[in-house]
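Asks: Quick one: structure below, then a few questions.
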Amino acid sequence: MDDMSAAPATRPKLEGVAYGRPQQHPNDTLTRVGPGAPCGEYMRRFWQPVLASRNVTTRPREIRILGEDLLVFRDGSGRPGLLYPRCMHRGTTLLYGHVEPDGIRCCYHGWKFAVDGTCLDQPCEPNGGLNRDAARQPWYPVQEKYGLVWAYMGPPDRMPVLPDFDNMELEEGEEYFAGDNSMGAHGDPNGPEVVPYSWLHMNDNVMDPFHVQVLHSTFSVVHFVKEFEVMPTVDFEYITNGVIYKAYRKLDDGREVDRISTWMAPNIMSVPSVLLTHGRSNGLGFSVPVDDSHSRILMTMRMKPNVDFRRGAGLANMKPWSQMTFEEHQDAPGDYEAQAGQGPISLHSEEHLATSDRGVAMQRRMLEKDIKAVMEGADPTGVYFDEGHVIHVPSGNFYRG
Ligand code: FES
Ligand SMILES: [Fe+2]
């Protein structure tokens, strides 16, 4: 094997071949999200969006989030609930339960639970259950805001407030439009609701202004607008609770624009208009872990009704993602292809982060520092305990002059 002297002198030296390459692995600290895993415990310190409010109804549905299988529903009085799905009596799923004004009733023996897990009825027991006050179906606190249902799945004594974001206050005639079907990844209402890769893939993507010039603008088709064909000059900067980039472009027509995009711990993004229209960002996005190797991209925007936010974008003229053939996906890949292409969990040990990945490196550094802080008993950056806390979101497209 190492007898190189046997090779003829003219044979080219083979360098960098794939043979014998080291085995590679993901960064477990940033990608394992189940209960007890460092990132899982860190993520559980924040309110996480579960689904769009309009998709939480009196029809119970199963949902996996942070590696836990749960049941989400809305009781007959309009209160959303998130329960452990196995009935505490003898373990059948509450998926077949029926919703009543004050809770959900298990199909098997009729125990009824409120959205906070309290047991309201045990019809097979004498007097509806003399000890039923001692019974409690495991539950998580939920609340609704910005068109989304949010849950807190962390330790009760560390529950922060669900903050306000200063770009989300409704203006005259506006409403919230929330989505929970990962449209941020594939742009298709009929695309997969959950994407088959780690939450970190989309999270990295948001501090990566350079892929906008390549993947979305010059590699194949124009996904958004032609102005992104100009390679930007970019600065990255830490803010109190995250990282921003400022991408400056001098356009062909002489106009100059600064595009500021924001990532906030742990998995929140505010990407300004992809049509490069002037003004502050009117939305938020979230890369929520379903489990280690799946995620759900949720978003909410404030808009006037009947405005198609994609009108004018290249995307609006493309075939819907779910109707493209494999070859069409190869010819015109987008975020989904690039991110699913990284595998279910990327092999971080074989990455080669370069100058243009500074934002990604800054995010990951902040995440790792805060994951460590949580493991050591502290609170992470980006959780707040003062009621009504307002987070400033600097995102927007700002034309100079
Ligand atoms: S298993 Fe649910 S009431 Fe018996
Ligand atoms: Fe993208």
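The values are calculated or read from the model by the stated rules, or taken from the named source; none is laboratory data. Just so you know, these numbers come straight off a predicted model, no measurement behind them. Ideal geometry is used to build each Cβ from the backbone, glycine not excepted, and the neighbour counts take in all protein chains shown. Keep in mind that these areas ignore ligands, DNA and RNA; they rest on the heavy atoms of the full protein, side chains included. Shrake-Rupley method; radii C 1.70, N 1.55, O 1.52, S 1.80 Å.
Asks: Considering only MET324, HIS392, GLN339, whose Cα is most displaced toward the positive end of the charge dipole of segment 300-401, charges sitting on Cβ of Lys, Arg (+1) and Asp, Glu (-1)?
Replies: Of the options given, the answer is HIS392.
Asks: Let me ask something else. Keeping every protein chain present and rolling a 1.4 Å probe, give me the accessible area per residue for the chain in Å².
Replies: For the chain, the per-residue accessible area is 49 Å².
Asks: Packing-wise, with mean Cβ within 10 Å as the measure, how do 197-203, 329-335 rank, highest first? List each step's numbers first, then the result.
Replies: Details: 197-203: 25.9, 329-335: 16.6.
For the peptides 197-203, 329-335, the packing ranking is 197-203, 329-335.
Asks: Follow-up question, since we're still on this one. From the square roots a ≥ b ≥ c of the eigenvalues of the alpha-carbon gyration tensor of segment 282-401, which class results: rounded (a/c under 1.5), prolate (a/b over b/c), or oblate?
Replies: Numbers: a/c = 1.87, a/b = 1.23, b/c = 1.52.
In terms of gyration-tensor shape, oblate.
Asks: Mean 1/r over all different Cα pairs, inverted: what Kirkwood radius does segment 123-172 give, in Å? Spell out each step's value before the answer.
Replies: Working: mean 1/r = 0.0677 Å⁻¹.
So the Kirkwood estimate lands at 14.8 Å.
Asks: Taking only Cα atoms and a 10 Å spring cutoff, compute GNM fluctuations for the chain and point out the largest among ASP386, ASP180, ASP252.
Replies: ASP252
Asks: How would the chain be classified by its alpha-carbon gyration tensor: rounded, prolate or oblate, with rounded meaning a/c under 1.5 and the a/b versus b/c comparison settling the rest? If you can, show how the numbers build up before the last one.
Replies: Details: a/c = 1.96, a/b = 1.45, b/c = 1.35.
In terms of gyration-tensor shape, prolate.
Asks: Further question: To the nearest 20 debye, what is the magnitude of the charge dipole of segment 158-399 about its Cα centre, counting +1 on the Cβ of each Lys and Arg and -1 on the Cβ of each Asp and Glu?
Replies: Numbers: 19 positive and 37 negative charges, 69 e Å.
Computed charge dipole of segment 158-399: roughly 320 debye.
Asks: Most mobile of TYR42, TYR152, TYR108 per a Gaussian network model of the chain (Cα springs, under 10 Å)?
Replies: Highest fluctuation of the listed residues: TYR108.
Asks: Suppose only helical runs count, i.e. DSSP H with n ≥ 4. What mean residue ellipticity at 222 nm does that imply for the chain under -39500 (n - 2.57) per run, divided by all residues and rounded to the nearest 500 deg cm²/dmol?
Replies: Numbers: 8 runs with 55 residues, N = 401.
So the calculated ellipticity at 222 nm is -3500 deg cm²/dmol.
Asks: Compare VAL33, VAL225, VAL290 in a GNM of the chain, Cα atoms joined below 10 Å, and give the one with the largest fluctuation.
Replies: VAL225
Asks: Then there is this: How big is the antiparallel share of DSSP beta bridges in the chain, given as a percent to the nearest 5? Could the numbers behind the result be given before it?
Replies: Details: 69 of 71 bridges.
Restricted to the chain, the bridges split so that about 95 percent are antiparallel.
Asks: Relative contact order (percent) for the chain, with alpha-carbon contacts under 8 angstrom and 6 or more residues of separation? Present the calculation step by step, with values, prior to reporting the outcome.
Replies: Details: 843 pairs, mean separation 84.2, N = 401.
Once normalised by length, the contact order is 21 percent.
Asks: What part of the accessible area of the chain, given as a whole %, is carbon or sulfur when the probe is 1.4 angstrom? Present the calculation step by step, with values, prior to reporting the outcome.
Replies: Values: 10310 of 19690 Å².
C and S fraction of accessible area: 52 percent.
Asks: Between 0 and 90 degrees, rounded to the nearest ten: what's the tilt of helix 358-375 against the longest Cα principal axis of the chain?
Replies: Rounded to the nearest ten degrees, it is 30.
Asks: Find, to one decimal place in angstroms, the Kirkwood hydrodynamic radius of segment 58-143, where the mean of 1/r is taken over every pair of different Cα atoms and then inverted.
Replies: Numbers: mean 1/r = 0.0794 Å⁻¹.
Kirkwood radius, segment 58-143: 12.6 Å.
Asks: Among the lysines, select those whose C-alpha is under 20 Å from the C-alpha of LYS250, and discard any that sit fewer than 8 residues away in the same chain.
Replies: Cross-link targets: LYS226.
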